[in-house]
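First up is the structure itself, then whatever we jot down about it.
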Amino acid sequence: MCTEVDRFLYHMRLSDETLLDIMARFQAEMQKGLGKDTNPTASVKMLPTFVRAIPDGSENGEFLSLDLGGSKFRVLKVQVSEEGKRNVQMESQFYPTPNEIIRGNGIELFEYVADCLADFMNTKGLKHKRLPLGLTFSFPCRQTKLEEGVLLSWTKKFKARGVQDTDVVSCLTRAMKRHKDINVDTLALVNDTVGTMMTCAYDDPYCEVGVIIGTGTNACYMEDMSNIDLVEGDEGRMCINTEWGAFGDDGALEDIRTEFDRELDLGSLNPGKQLFEKMISGLYLGELVRLILLKMAKAGLLFGGEKSSALHTKGKIETRHVAAMEKYKEGLANTREILTDLGLEPSEADCIAVQHVCTIVSFRSANLCAAALAAILTRLRENKKLVRLRTTVGMDGTLYKIHPQYPKRLHKVVRRLVPNCDVRFLLSESGSAKGAAMVTAVASRVQAQRKQIDKVLALFRLTQEQLVGVQDKMRAELEYGLKRDTHSLATVKMLPTYVCGMPDGTEKGKFLALDLGGTNFRVLLVKIRSGRRSVRMYNKIFAIPLEIMQGTGEELFDHIVQCIADFLDYMGLKGAQLPLGFTFSFPCRQASIDKGTLIGWTKGFKATDCEGEDVVDMLREAIKRRNEFDLDIVAVVNDTVGTMMTCGYEDPNCEIGLIAGTGSNLCYMEEMRNIELVEGDEGKMCINTEWGGFGDNGCIDDIRTQYDKEVDEGSLNPGKQRYEKMTSGMYLGEIVRQILIDLTKQGLLFRGQISERLRTRGIFETKFLSQIESDRLALLQVRRILQQLGLDSTCEDSIVVKEVCGAVSRRAAQLCGAGLAAIVEKRREDQGLERLRITVGVDGTLYKLHPHFSRILQETVKELAPRCDVTFMLSEDGSGKGAALITAVAKRLQQAWKN
Ligand code: BG6
Ligand code: BG6
Ligand code: GLC
Ligand code: GLC
């Protein structure tokens, strides 16, 4: 009889050769599902779960858990105990899931789930307690984060309307809103395979695969991030929910499927779908047996050709019957009883044959599962580049649990298919909710950390009100600086520059220019041709070593003269006596265009014996000391002034010069009558505001953070240039570094480890800040930049670092905008204009390189000075050109005066 059954079901008996073939096909399917381009058409969806690590024992807290989608719906409370002890306590309650609920209206389904939860919380006295919840939802969901998942399709017995393609967490949250007395935060959505893997991994850290063989079948495993195209980042691993039940939905298993599989599929809730699952899982095994028995009876091979109406009825044979019939000792008796209950009159031979049918069907199920699992294990072994893999597979599902032979058959075949893997199969005793609680515990820790990070970032977010406050204070300080009585105490020094007009196009000649104080030190030769507004420039960049910037004044000026000599040599100009314009980007008190007393070094300079001295004299003396050439130093010019002039040469409406670079400063054309420090009321003069010193009297301390204070204290000029230290390139990176140190100390970054590199001052130069914040960069590239800086960061770290950079640079741009708004508004009011049209010449690496700084600056000005139309003009040629133009004008005046 058995041989007859064997012949009849020949197609269901799979040889090892066939299983190895199926295993290879599944390997290819996994690859397809993981690829970005191939995923859309892949039938095995390989869904990222955003679960990145197995439990490490540090999880703790009290959690709620829902377990929906298996044969039973459960609500649980899971208490994960204090660190180290690995103690989990669970209380749970089963609730029924009637067909009219799971196949009715989606909204009602989730309302029902929420009602059960509320009922549970009520009976357990958990109302009014705010608890995090982990939702085990055993259906395919596309996730982009842990707490969200779009249902791709219902499987198994569920088919509620209006849920497919929507986020199930939102559905649940919405339904829970109806219960005013419960306060639950869904932090994690996990598939049952994932819950199972996590449950088992809590006890066995080798566990990295979860398999369900229950109502449905599915598996998840830990995949290397570098192989997951659909998620950014490449370090570490992430759990992938394979949704292997859909294997074959594209026809890949047609040679394996039998007429019974096809018939079963046609009568299912989801024809054409989950074809692999339908050959394996509990929901379908009994039905497969029924269809086979019916066919055999029809063919006269069983029950003497008699059929009963029960045998004709869908669902009459269930998996529990199959399991009972295959029991070792009582199996035969069970079979007789079950068949009799179906209204049949089986002979002894019939019972043996039916038992054999059950064995073939359930053995095929175990074989197929084994083949797919073998593919996963091989993938794990290859990912780890191991010759032998030792691993644990977490198992759950009623078929696996109640079928007497299933587990050992499965284990045996797996071991035969992958002889180079030592596999332990670990049954999940407590279901997937325990694992879901572990995931939720991690999520709630991440959420708490996120709150801490947000708290820090919030310090850098300025309200409109605060910005207006800055604008008003800046305005007041400007006025103090201009007035004779208040000038000496003013923090914004408002230095007269003795530059009284814009270039008019008549300037001409050959000039030398120096440009000292920005990122680069340059020596230039500038040739101006009159009338045509055309300028030719030749320049060379020289380095100023740190020991010279912070050595003695003589050394600094000797070095400058050395560079001039090299340049003259290089240009073949030795001996030529040219007029020179000196762009010196530090605050100087001027009594004329060619005299400038350094008030104090700023930025990275600190050469001795210079403060209080005339920089033109110092340069002259250094030239004399060298005694090789002579130069006619005609003008000393701040870089803001040089920039305004460079731009003013093209656009006469340019009456403001702004630098947002290493330092931050602004100059503008002011009415002579407002400049009390200089005689005369006619016309205008350019004022170098030196606004970097704004706030040195504490007037903006309300918006300064502890990080600003730290940066200030570690700088060369503590207490000075407070506004500059919040707005310019030299300090933004330092603020970022201080924040990162603090976040690391709080354990929120870099695994809590403060590296030597992070302790190093100045690592975040403006250019790196600009790169990190570029929108074009993927997270991986940000991480690479950080790694180049010597910061070993994870992708999560990189996200935080980028956010920190963004908060700091945004505040800088806004503050700078508030300052500029104060100036343009003043100019508008002073001139009694309804609307002011003005151009600002801008230079500086921060403005030029940073991807967002200029935009935010401009937006802020627009908001704070709505009656001013401000045009921003980028200075392409640097301030050397402007310095040469000023020199040309000064030279002409000098000549006229001599004559
Ligand atoms: C349970 C898990 O133990 O097994 C569920 O807690 C899972 O999350 C179920 O869905 C799978 O088995 P079955 O047989 O109930 O579908
Ligand atoms: C340059 C100017 O283009 O920009 C310098 O020529 C100026 O005079 C500098 O100091 C400012 O930017 P940074 O970023 O180099 O300080
Ligand atoms: C079905 C679901 C899957 C689940 C499995 C086991 O295959 O699609 O998400 O894991 O059943 O419950
Ligand atoms: C610093 C200097 C200032 C200069 C600015 C931009 O603030 O004090 O003079 O203009 O940097 O370089």
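The values are calculated or read from the model by the stated rules, or taken from the named source; none is laboratory data. Owing to the predicted nature of the structure, the values given are computational and were not obtained by experimental measurement. FYI the Cβ positions are ideal-geometry reconstructions off the backbone, even for glycines, and counts take in every protein chain you see. These area figures cover heavy atoms from the full protein model, side chains too; ligands, DNA and RNA do not enter into them. Shrake-Rupley method; radii C 1.70, N 1.55, O 1.52, S 1.80 Å.
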Given q = 0.20 Å⁻¹, what are the Debye log10 I(q)/I(0) values for the stretch 185-331, with equal point scatterers placed on the Cα positions and solvent ignored?
-> -1.24
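Which length gain, in nm to one decimal place, applies between Lys36 and Glu554 when the Cα-Cα distance is subtracted from 0.36 nm times their residue separation? Write down the numbers at each step before the final one.
Values: separation 518, 0.36 × 518 = 186.48 nm, distance 6.31 nm.
The Lys36-Glu554 span can extend by a further 180.2 nm.
To one decimal place, what Kirkwood hydrodynamic radius in Å is obtained for the stretch 483-573 from all pairs of distinct Cα atoms? Walk me through the numbers before you get to the answer.
Working: mean 1/r = 0.0617 Å⁻¹.
Over the stretch 483-573, the inverse of the mean reciprocal pair distance is 16.2 Å.
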Quick one: if you stick a label point 7 Å off each Cα along the C-beta vector at Arg757 and Glu859, how many nm between them?
-> 3.1
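Relative contact order of the stretch 1-119, please, whole-number percent, based on alpha carbon pairs below 8 angstrom and at least 6 residues apart. Please report the intermediate quantities before stating the final value.
On the way: 108 pairs, mean separation 15.7, N = 119.
Once normalised by length, the contact order is 13 percent.
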Taking the dipole about the Cα centre of the chain, with the C-beta of Lys and Arg at +1 and of Asp and Glu at -1, give me whichever of Leu864, Ile633, Gln753 is farthest to the positive side.
-> Gln753
Rank by packing, highest mean first: peptides 631-637, 816-822, with packing defined as the count of other Cβ atoms within 10 Å averaged across residues.
-> 816-822, 631-637
What is the local net charge at Gly575, summed over the other residues whose Cβ is closer than 13 Å to its Cβ (Lys, Arg +1; Asp, Glu -1)?
-> -2
Give, as a single signed number, the net charge of other residues whose beta carbon lies under 13 Å from the beta carbon of Thr41, with Lys and Arg counted +1 and Asp and Glu -1.
-> -1
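Starting from the stretch 290-367, pick out the chymotrypsin sites (Phe, Trp or Tyr not before Pro) whose DSSP state is loop and whose Cβ has at most 14 other Cβ atoms within 10 Å. Mind dumping the intermediate values first?
On the way: sites: Phe303, Tyr328, Phe363; in loops: Tyr328.
Here the sparse-neighbourhood loop sites are Tyr328.
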Whose amide H sits under 5 Å from the amide H of Gly233, counting only residues 5 or more places off or on another chain, with H placed in the peptide plane?
-> Leu780
Which cross-chain or sequence-distant (5 or more) residues have an amide H under 5 Å from the amide H of Val523, H modelled 1.01 Å from N in plane?
-> Lys540, Phe542
Scan the stretch 68-132 for trypsin sites (Lys or Arg not before Pro) in coil per DSSP, keeping those whose Cβ has at most 14 other Cβ atoms within 10 Å, and list them by number.
-> Lys85, Arg86, Lys127, Lys129
Say each of Arg416 and Gln466 gets a label point 7 Å from the Cα, pointing the same way as Cα to Cβ; how far apart are those two points in nm?
-> 7.0
Checked the stretch 1-152 against the a/c 1.5 cut and the a/b vs b/c comparison, axes a ≥ b ≥ c from its Cα gyration tensor; verdict prolate
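Please report, ordered by residue number, every helix of the chain (full DSSP H runs) that is 24 Å or longer along its axis going by C-alpha atoms and whose mean Kyte-Doolittle hydropathy reaches 0.0.
Numbers: long enough: 16-34 (27 Å, -0.23); 106-123 (26 Å, 0.56); 282-298 (25 Å, 1.02); 348-383 (52 Å, 0.70); 433-458 (36 Å, 0.12); 464-482 (27 Å, -0.61); 553-571 (27 Å, 0.35); 729-745 (25 Å, 0.55); 795-830 (52 Å, 0.08); 879-898 (28 Å, -0.05).
TM-like helix candidates: 106-123, 282-298, 348-383, 433-458, 553-571, 729-745, 795-830.
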If each K or R counts +1 and each D or E counts -1, the residues other than Gly431 whose Cβ falls under 12 Å of its Cβ total 0
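Hey, could you get me the Stokes-Einstein D for the stretch 706-772, Kirkwood radius over alpha-carbon pairs, 25 °C and 0.890 mPa s, rounded to whole µm² s⁻¹? The partial results should precede the final answer.
Numbers: Rh = 12.3 Å.
Calculated translational D: 199 µm²/s.
Relative contact order of the chain: what whole-number percent is it, with Cα pairs under 8 angstrom and at least 6 residues apart?
Numbers: 1835 pairs, mean separation 95.7, N = 899.
Reported as a whole number, the value is 11 percent.
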Roughly speaking, to the nearest percent, how much of the stretch 85-146's 1.4 Å accessible area is carbon and sulfur?
-> 47
Estimated translational D of the stretch 813-899 in µm²/s (Stokes, Kirkwood radius over Cα pairs; 10 °C; 1.306 mPa s) = 107
Once you have a ≥ b ≥ c as the square roots of the Cα gyration tensor eigenvalues for the chain, tell me rounded if a/c is under 1.5, and otherwise prolate or oblate according to whether a/b is larger than b/c.
-> prolate
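Which value at 222 nm does the chain reach when only helices count, each DSSP H run of 4 or more adding -39,500 (n - 2.57), with the total divided by all residues and rounded to the nearest 500 deg cm²/dmol? Intermediate results must be reported in sequence, preceding the final value.
Values: 30 runs with 385 residues, N = 899.
That calculation yields -13500 deg cm²/dmol at 222 nm.
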Label-point separation in nm, Asp792 to Asp165, each point 7 Å along Cα→Cβ | 4.7
Prolate/oblate/rounded label for the stretch 722-806 (Cα gyration tensor, a/c 1.5) = oblate
Would you mind working out the accessible area per residue for the stretch 619-666, using a 1.4 Å probe, and quoting it in Å²?
-> 29
Can you list residues whose amide H is under 5 Å from Leu874's amide H, if they're 5+ apart or on another chain and H is modeled 1.01 Å from N?
-> Val842
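Are there trypsin sites (Lys or Arg not before Pro) in the stretch 1-64 that DSSP puts in a loop and that have at most 14 other Cβ atoms within 10 Å, and which ones?
Details: sites: Arg7, Arg13, Arg25, Lys32, Lys36, Lys45, Arg52; in loops: Arg13, Lys36, Lys45, Arg52.
Filter output for the stretch 1-64: Arg13, Lys36.
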Near-label residues of the stretch 458-477 by backbone N, under 13 Å of a point 7 Å along Cα→Cβ of Glu671 = none
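Let me check against my output: what whole-number percent is the relative contact order of the stretch 300-441, with C-alpha pairs under 8 Å and at least 6 apart?
On the way: 135 pairs, mean separation 34.1, N = 142.
For the stretch 300-441, the relative contact order is 24 percent.
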